[in-house]
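Since the structure comes first, as structure tokens, the remarks are kept for the end.
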Amino acid sequence: MIEQDTVKLLRECAAGVKMGIASIQEVLGYTHAEELKRRLADCMSEHEALKGEAEKLLDRYHDNGKEPKAMAKGMSWIKTNAKLAVDDSDAAIADLMTDGCNMGVKSLNRYLNQYKAADEVSKDIAKRLINLEEKLAVDIRSFL
């Protein structure tokens, strides 16, 4: 049971971190304020590091991980591009990213509760990802 929950939690972390990276990449080109751009880029670097950790652990379990759900990725892309086509301000970017962070935090907490038997290392990755998402949402509030 521990191994099953560990792999499932790591898969969700890997998918979530990929979604976060893709979302940041989508908005970076629209960002005007250097401070917002820096905060997003720093967060993306931290996401990349967590992605590497999760994938390394999944490799140990001989698992290829999981991609973000196509529907979620597609809806995110549509929402982002539709909103930025109308308003490409830093406030709009901060709003989109805050929504994404909140959804990520909610999902990851659900998975932590669902996969209680996961090992502490994978739980730690999930918690660090949650903290990263929460921190970004707070850090970009001044741009809302």
For region 131-144, state whether one or more residues are on the phi > 0 side of the Ramachandran plot, in contact (Cβ under 8 Å) with a residue 40 or more places away in the chain, not in a helix (DSSP H, G or I) and not hydroxyl-bearing (Ser, Thr, Tyr).
-> no
Complete set of residues in region 101-125 that are of a type in the set (Lys, Arg), in a helix (DSSP H, G or I) and in contact (Cβ under 8 Å) with a residue 60 or more places away in the chain | LYS123
Residue pairs within 6 Å by beta carbon, gap of at least six or interchain, first lying in region 74-99 and farther than 14 Å from LYS37 by Cβ, second of a type in the set (Ser, Thr, Tyr), listed first then second, are LEU84/TYR30; LEU96/THR80
Check whether at least one residue in region 83-103 is farther than 19 Å from ILE140 by Cβ and open to solvent by 60 Å² or more (accessible area, probe 1.4 Å), and report yes or no.
-> yes
Which of the residues belonging to region 34-52 are touching a residue at least 60 places away in the same chain (Cβ under 8 Å) and touching a Lys or Arg at 6+ places or on another chain (Cβ under 9 Å)?
-> CYS43, GLU46, HIS47, LEU50
Of all residues in region 8-33 being free of Cβ contacts under 8 Å to residues at least 24 places away in the same chain and not hydrophobic (A, V, I, L, M, F, W, C), which is nearest to PRO68 (Cα to Cα)?
-> GLN25
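The values are calculated or read from the model by the stated rules, or taken from the named source; none is laboratory data. If you're wondering where the values come from, they're calculated on a predicted model, not measured in any experiment. For neighbour counting, all protein chains shown are included, and Cβ atoms are generated from backbone atoms with ideal geometry for every residue, glycine included. The accessibility values were calculated without ligands, DNA or RNA, using every heavy atom of the protein model including side chains. Shrake-Rupley method; radii C 1.70, N 1.55, O 1.52, S 1.80 Å.
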